[in-house]
C-alpha cells in the first residue's frame, strides 16, 4: 500500500511541477547578443536599479527617458560596473549602444557601450561577447569576486 501512495505523490508532484512550468511564459528575448539589432540611444537616466538574477548576480539596469517614452537598459553585473570605476546617477545624460530585444509591446536594450560625458564603459566586445569575468565555482555568490559570504 505504501508504494502506491508514494507513486501517486510522485505523479502529483510531476503534474504540479509541469503546470507551474507551463504557466511560466516563454522568454521572447534571445539569450545571445544580436549585433544585427544594434541601436544607439540617447537620453537621461530616469532610474538606476540593481536586480538579482536567479544565479545570484546583481545586474544593473537603467531606465532611459527619451522624448515620449522610456527604455529599459540592461547594463551588466553591478560588480563589473564598480570594478570599472563607473557609476550612474538619475538625470545623467547618456548614450547607449546595444542590442534591441522585443519585450511585449516595447523593447529592452542589452548594452555594449555606455557613454556618460567623455567617459565610456565598454561592457561587450564588437561581437557582443561580455567582457566581465564568468562566475567562478570558488566565488561565494557568482559575482566574480572572491569574498566571504555576506550575511
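Quick notes
- Residue match in the range 62-81 (condition: touching a helix residue (DSSP H, G or I) at 6+ places or on another chain (Cβ under 7 Å), surrounded by 14 or more Cβ atoms within 10 Å (Cβ to Cβ) and closer than 24 Å to residue 52 by Cβ): yes
- Only residues that are in a strand (DSSP E or B) and in contact (Cβ under 8 Å) with a residue 24 or more places away in the chain were counted in the range 49-69, giving 5.
- Of all the residues in the range 127-141, those that are surrounded by 10 or more Cβ atoms within 10 Å (Cβ to Cβ), more than 13 Å from residue 74 (Cβ to Cβ) and at pLDDT 90 or above number 2.
- Those strands (runs of 3 or more DSSP E) lying entirely in the range 70-133 with at least 3 residues over 16 Å from residue 42 (Cβ atoms): 70-77, 93-103, 106-116
So that you can scan it fast, the table gives a plain yes or no per residue for (1) surrounded by 10 or more Cβ atoms within 10 Å (Cβ to Cβ); (2) under 15 Å from the mean Cα position of the chain (by Cα); (3) modelled with pLDDT under 90:
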site: 91; (1), (2), (3): no, no, no
site: 108; (1), (2), (3): yes, yes, no
site: 122; (1), (2), (3): yes, no, no
site: 151; (1), (2), (3): no, no, yes
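The values are calculated or read from the model by the stated rules, or taken from the named source; none is laboratory data. This structure is a prediction, so every number in the text was calculated from the model and none was measured. Reconstructed Cβ throughout: ideal geometry from the backbone, glycine too, with neighbour counts over all protein chains shown.
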